[in-house]
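Trainee: Have a look at this one before I ask anything.
The values are calculated or read from the model by the stated rules, or taken from the named source; none is laboratory data. Bear in mind that the values here come from a model prediction, so they are computed numbers and not experimental data. So basically every Cβ, Gly included, is an ideal-geometry build from the backbone, and we count neighbours across all protein chains shown. Accessible surface areas use protein heavy atoms only, side chains included; no ligands, DNA or RNA. Shrake-Rupley method; radii C 1.70, N 1.55, O 1.52, S 1.80 Å.
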Amino acid sequence: MTGYAVATSESAAGTLTIEIKSVNSRFLDLQFRINDDLRALEPDLRSAVMAAITRGKVELRLSFGRKAATAGTQALNLPLLTELQRLQTEVGNLFQGVQTMSVAELLRWPGVIEEAQIGQESLQADVAALAGRTIAAFVTSRQREGAALEAMLISRIEAMEAIVKRITPLIPQVVAAFQQKAVERMQDALGLACQGSNSALSRQDALERIRQEVILYGIRIDVAEELGRLSAHLTETRHILKKGGQVGKRLDFMMQELNREANTLGAKASVKELADASMELKLLIEQMREQVQNLE
């Protein structure tokens, strides 16, 4: 599911900002964009996100804007200055008359001026508190989208229930029509048998043909079981959505079962109405499947 949240907090050392966004994905894919000096906080952030989210391609950005240096917040790196002095002396011994570095050049040397160290524990606590607020807002944004997806899925369930309700009364008519055709074929077969020279053998052949027609009838026409299972699966899908929570994987399974019954219905369809109903059901199931894969 898609979602977005951003939050900012001020601390004594600077401004912390956490931004979380996600796009649809069947699995959980976490990506972190964190400054190197805060990289040690990534494991705690990963655990916090995984505790709240199970699906989606999620990107978390953590940035830290340090406050401008003020009196008392900077200090000289004395060990580095000592090392620079030693190196400068060695160079002077090797090359006579070499100009030494000025005070301005020394102060511009990388690392000579150090900012006061930020307490790691204090910073970790600030990041944890901000992460909790951001993740909560992020989950809320995904819940809003989830509510919209639920409404869409319910509308598809209602459409499929209407299809099942529409075609169920047709089954007795289809059975009666096929029975009539079977009787006519039996009569034709018996008529051909009576015209044959070997009536006993011909009659045996006719009975075998009748048996085959009856078997074909049983296989092709009996879709009541499929319709019953379709109704049961739709009821269970409603129940899963109503119950809430992490429903994505359970709904994935229900889509497989619904599609199985719709395919079987189409394979057994002996009249256009049943074939059309099977196609409508499969289209609705596919629409649901595309969205279900994005749910938690």
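Trainee: Can you find even one residue in region 287-296 that is in contact (Cβ under 8 Å) with a residue 12 or more places away in the chain, open to solvent by 60 Å² or more (accessible area, probe 1.4 Å), under 21 Å from the mean Cα position of the chain (by Cα) and closer than 30 Å to Ala52 by Cα? It would help to see each step written out before you state the result.
Mentor: Of region 287-296, the ones in contact (Cβ under 8 Å) with a residue 12 or more places away in the chain are 287-289, 291-296.
Those left that are additionally open to solvent by 60 Å² or more (accessible area, probe 1.4 Å): 287.
Subset that is under 21 Å from the mean Cα position of the chain (by Cα): 287.
Still in the running and closer than 30 Å to Ala52 by Cα: 287.
Checking region 287-296: at least one residue is in contact (Cβ under 8 Å) with a residue 12 or more places away in the chain, open to solvent by 60 Å² or more (accessible area, probe 1.4 Å), under 21 Å from the mean Cα position of the chain (by Cα) and closer than 30 Å to Ala52 by Cα.
Trainee: Okay, next question. Checking Val103 against (1) more than 30 Å from Val271 (Cα to Cα); (2) touching a residue at least 12 places away in the same chain (Cβ under 8 Å), which test does it fail?
Mentor: (2)
Trainee: How about region 135-156: which of its residues are among the β-branched types (Val, Ile, Thr) and farther than 27 Å from Arg61 by Cβ?
Mentor: Filtering region 135-156 down to residues among the β-branched types (Val, Ile, Thr) leaves 135, 139-140, 154.
Residue satisfying the conditions is Ile154 alone.
Trainee: Ok, one more. Counting just the residues of region 65-81 that are in a strand (DSSP E or B) and among the small types (Gly, Ala, Ser), which one comes out modelled with the lowest pLDDT? Before you say what the answer is, go through the steps one by one.
Mentor: Just the residues of region 65-81 that are in a strand (DSSP E or B), to begin with: 65-66, 74-76.
This time we only want the ones that are among the small types (Gly, Ala, Ser), so: 65, 75.
Numbers: Gly65: 80, Ala75: 72.
It comes out as Ala75.
Trainee: Right, another one. Could you please give the count of residues in region 146-175 that are charged (D, E, K, R) and surrounded by fewer than 16 Cβ atoms within 10 Å (Cβ to Cβ)?
Mentor: Of the residues in region 146-175, the ones charged (D, E, K, R) are 150, 156, 158, 161, 165-166.
Then keep just the ones that are surrounded by fewer than 16 Cβ atoms within 10 Å (Cβ to Cβ); that gives 158, 161, 165-166.
Of the residues in that region, 4 qualify.
Trainee: Pairs under 8 Å by beta carbon, first residue in a helix (DSSP H, G or I) in region 257-276, partner of a type in the set (S, T, N, Q), six or more apart or different chains?
Mentor: Leu258/Thr237; Ala262/Ser278; Asn263/Ser278; Leu265/Ser278; Gly266/Ser278
Trainee: Since Glu226 meets every condition but one in (1) modelled with pLDDT of 70 or more; (2) surrounded by fewer than 17 Cβ atoms within 10 Å (Cβ to Cβ), which condition does it not meet?
Mentor: (2)
Trainee: Separate question: Being of a type in the set (A, V, I, L, M, F, W, C), under 15 Å from the mean Cα position of the chain (by Cα) and buried (at least 16 other Cβ atoms within 10 Å of the Cβ) is the filter here; which residues of region 237-253 pass it? It would help to see each step written out before you state the result.
Mentor: Initial filter on region 237-253 (of a type in the set (A, V, I, L, M, F, W, C)): 240-241, 247, 251, 253.
From what is left, the residues that are under 15 Å from the mean Cα position of the chain (by Cα) are 247, 251, 253.
Val247, Leu251 - these are the residues of region 237-253 that are of a type in the set (A, V, I, L, M, F, W, C), under 15 Å from the mean Cα position of the chain (by Cα) and buried (at least 16 other Cβ atoms within 10 Å of the Cβ).
Trainee: Mind listing whichever residues of region 3-59 are modelled with pLDDT under 85, of a type outside the set (Gly, Ala, Ser), under 30 Å from Val292 (Cβ atoms) and open to solvent by less than 60 Å² (accessible area, probe 1.4 Å)?
Mentor: Hits for region 3-59 are Thr54, Arg55.
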